[in-house]
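Worksheet: one structure, shown below.
The values are calculated or read from the model by the stated rules, or taken from the named source; none is laboratory data. This one's a predicted model, so the numbers in the text were calculated from it and none came from an experiment. Please note: Cβ atoms are built from the backbone with ideal geometry, for glycine as well, and neighbour counts cover all protein chains shown.
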Amino acid sequence: MKKTAISAIRGMPLVLALVLALSAEAAYATGGSVDIVTLFPNYQGDNGFYAQAYNPGSGIFRDLTRTAPYNFNTPGQSSVRPYVMKNSHVQLAPCVNGSIYGTEWAVLSWQVPQGGLYALQGSFYGLLSGNSTTARIFVNTPARTLFSATVSGTNTVTFDILDLSLNAGDYLRFAVDAGASHSNDLTGLNGVITLVPEPGSLIALLTGLLGLGSWIKRRS
C-alpha cells in the first residue's frame with residue numbers, strides 16, 4: 001500500500017502537467033477564432049474591430065461615425081456613404097465623389113491582438129443586382145493585398161487564406177471599392193479569422209500524452 005501511494009505521488013506532477021496542457025490547448029482552440037459577424041463592433045474598437053473609410057488618393061483611413069447600434073457612416077454625404085453596418089449580416093457601402101471626403105472605400109479593420117499564423121475563411125457577396133465592385137483583403141495598406149475579386153450583381157466570391165503571418169498591432173482589413181459609380185454596390189461580408197496553433201504547443205501536448213501512457217503502463 002505504501003509503495004502504491006508513493007508511486008501515485010511521484011506520478012502526480014506528470015498528470016497535473018497533462019491536465020494543464022489539455023486545458024491550455026482547449027482554451028487556445030476556443031479563444032483563437034473570431035467570427036466577423038458575431039463580433040462586429042457596437043462601438044469603435046469593440047473586439048478589436050473598427051468601421052472605417054479609406055481614401056485611395058491620400059492613403060488616409062478615418063473612423064466612421066456611429067449613428068445607431070452597429071451602424072457607422074458618414075453624415076452629410078449622399079446616402080451617408082461610406083457606411084459599414086450590421087443587421088443580420090455585415091454590409092459595406094463605398095462612396096464615389098463624396099461631397100466632403102471624395103471617393104472612399106468602405107473598410108472593416110481588425111487589430112491583431114497577438115502575433116502568429118492565421119487562417120481566414122469567408123465570402124463577400126453582392127446585395128443588390130446591377131453594378132459591380134471590387135472586394136479586397138489586405139494587411140495595414142493595400143500594398144500588402146492578400147485577396148482581390150470582383151463582385152458583380154448578387155454573386156458571391158469566397159476567400160480561404162492559410163498560414164498568414166501577422167504581427168501584434170497589424171490591421172487586417174476587409175474592404176469594398178466602388179467602381180465608376182457606387183450605385184448598387186452594397187456588399188455583404190462574412191468570415192472567420194483563426195489563430196493557428198503553433199507546432200510547439202502540439203508537440204508539448206503529444207509529449208504529455210506519451211508520458212501519461214508510460215506512467216499508466218508502469219503502474220499496471
Pairs with Cβ under 8 Å, 6+ apart, first in the stretch 55-68 and assigned by TED's automatic domain parsing to the domain that holds ASN42 and among the aliphatic types (A, V, I, L, M), second in a loop (DSSP other than H, G, I, E, B) and surrounded by 15 or more Cβ atoms within 10 Å (Cβ to Cβ): LEU64/THR74; LEU64/PRO82
Considering the stretch 127-150, residues that are among the aliphatic types (A, V, I, L, M) and modelled with pLDDT under 95, and then whichever is surrounded by the most Cβ atoms within 10 Å (Cβ to Cβ), we arrive at LEU127
Failed item, numbered, when VAL176 is tested on (1) on the phi > 0 side of the Ramachandran plot; (2) at pLDDT 95 or above; (3) in contact with a Leu (Cβ under 6 Å, 6 or more places away or on another chain): (1)
In the stretch 170-188, how many residues are touching a Gly at 6+ places or on another chain (Cβ under 8 Å) and crowded, with 24+ Cβ neighbours inside 10 Å? 3
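Looking only at the stretch 134-183, how many residues end up being among the aromatic types (Phe, Trp, Tyr) and more than 21 Å from ILE60 (Cα to Cα)? Before you say what the answer is, go through the steps one by one.
At the first step, the residues of the stretch 134-183 found to be among the aromatic types (Phe, Trp, Tyr) are 138, 147, 159, 171, 174.
Pick out the ones that are also more than 21 Å from ILE60 (Cα to Cα) and you get 159.
Residues in the stretch 134-183 being among the aromatic types (Phe, Trp, Tyr) and more than 21 Å from ILE60 (Cα to Cα): 1 in total.
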Identify the single condition in (1) over 19 Å from PHE49 (Cα atoms); (2) over 15 Å from the mean Cα position of the chain (by Cα) that THR141 does not satisfy, given that it satisfies every other one. (1)
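Could you check the stretch 107-157 and list, in sequence order, the residues that are aromatic (Phe, Trp, Tyr) and closer than 16 Å to LEU189 by Cβ? Break it down stepwise before answering.
Within the stretch 107-157, the first condition is being aromatic (Phe, Trp, Tyr), and the residues that meet it are 110, 118, 124-125, 138, 147.
Once the filter is applied, which keeps residues that are aromatic (Phe, Trp, Tyr) and closer than 16 Å to LEU189 by Cβ, the stretch 107-157 yields TRP110, PHE124, TYR125, PHE138, PHE147.
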Any chance you could count how many residues in the stretch 96-105 are at pLDDT 95 or above and surrounded by 20 or more Cβ atoms within 10 Å (Cβ to Cβ)? 2
Check every one of the strands (runs of 3 or more DSSP E) wholly within the stretch 1-81 and list those with 2 or more residues that are modelled with pLDDT of 95 or more and among the charged types (D, E, K, R). 60-63
